[in-house]
Amino acid sequence: MQVQELHDFIVDKVDDIKAQDIVTLDVRGKSSITEFMVLCTGTSNRHVASIADHVNKESKLIDYPPFGISGEDDGEWIVVDMGSVMLHIMQEDARNLYQLEKLWG
């Protein structure tokens, strides 16, 4: 799958389950582990976990499962590693605290 197709797939899937404030950061040249970061906000621990689970299940259906998922235990911030696109699903407090847009933007 091409990088842009993967990005569009991820954005579509998080939008399916009502993720909020979806932002894409182009980190090519800034990160050696990924090309794009997709950031989105979930409204609760359960919502954050549901978004991650939905992306995980949908990506497996197209034979492109995540390389890894971390943060599922607390649901404050879950990272889904899709290789050239990293998905960060955060609750609003965590997103405001870590300000990844400023760090990587």
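When you scan the stretch 59-68, do you find a residue that is without any contact (Cβ under 8 Å) to a residue 24 or more places away in the chain, within 13 Å of GLY83 (Cα to Cα), within 13 Å of the chain's Cα centre (by Cα) and exposed (fewer than 14 other Cβ atoms within 10 Å of the Cβ), even just one? Looking for residues that are without any contact (Cβ under 8 Å) to a residue 24 or more places away in the chain, within 13 Å of GLY83 (Cα to Cα), within 13 Å of the chain's Cα centre (by Cα) and exposed (fewer than 14 other Cβ atoms within 10 Å of the Cβ), one finds at least one in the stretch 59-68, hence yes. Give the residues of the stretch 5-56 that are among the basic types (Lys, Arg) and under 16 Å from GLY83 (Cα atoms), sorted by residue number. Correct list: ARG28, LYS30. Across the stretch 73-90, the qualifying residues are those that are in contact with a helix residue (DSSP H, G or I) (Cβ under 6 Å, 6 or more places away or on another chain) and not hydrophobic (A, V, I, L, M, F, W, C), and the one among them that is least open to solvent (accessible area, probe 1.4 Å) is GLY75.
Taken over the stretch 91-105, the criterion of being more than 18 Å from GLU35 (Cβ to Cβ) and surrounded by fewer than 16 Cβ atoms within 10 Å (Cβ to Cβ) is satisfied by GLU92, ASP93, ASN96, LEU97, TYR98, GLN99, LYS102.
Total residues in the stretch 9-54 satisfying the condition of being under 16 Å from GLU92 (Cα atoms), open to solvent by less than 40 Å² (accessible area, probe 1.4 Å) and in a loop (DSSP other than H, G, I, E, B): the figure is 1.
Tally the residues that are among the aromatic types (Phe, Trp, Tyr) and more than 26 Å from GLU5 (Cα to Cα), restricting the search to the stretch 62-105.
Step one: filter the stretch 62-105 for residues among the aromatic types (Phe, Trp, Tyr), giving 64, 67, 77, 98, 104.
Pick out the ones that are also more than 26 Å from GLU5 (Cα to Cα) and you get 98.
Final tally of qualifying residues: 1.
The values are calculated or read from the model by the stated rules, or taken from the named source; none is laboratory data. All values reported here derive from a predicted model rather than from experimental measurement. In this analysis, Cβ positions are derived from the backbone assuming ideal geometry, glycine residues included, and neighbour counts consider all displayed protein chains. Side chains are part of the model used for accessible areas, which takes the heavy atoms of the whole protein and leaves out ligands, DNA and RNA. Shrake-Rupley method; radii C 1.70, N 1.55, O 1.52, S 1.80 Å.
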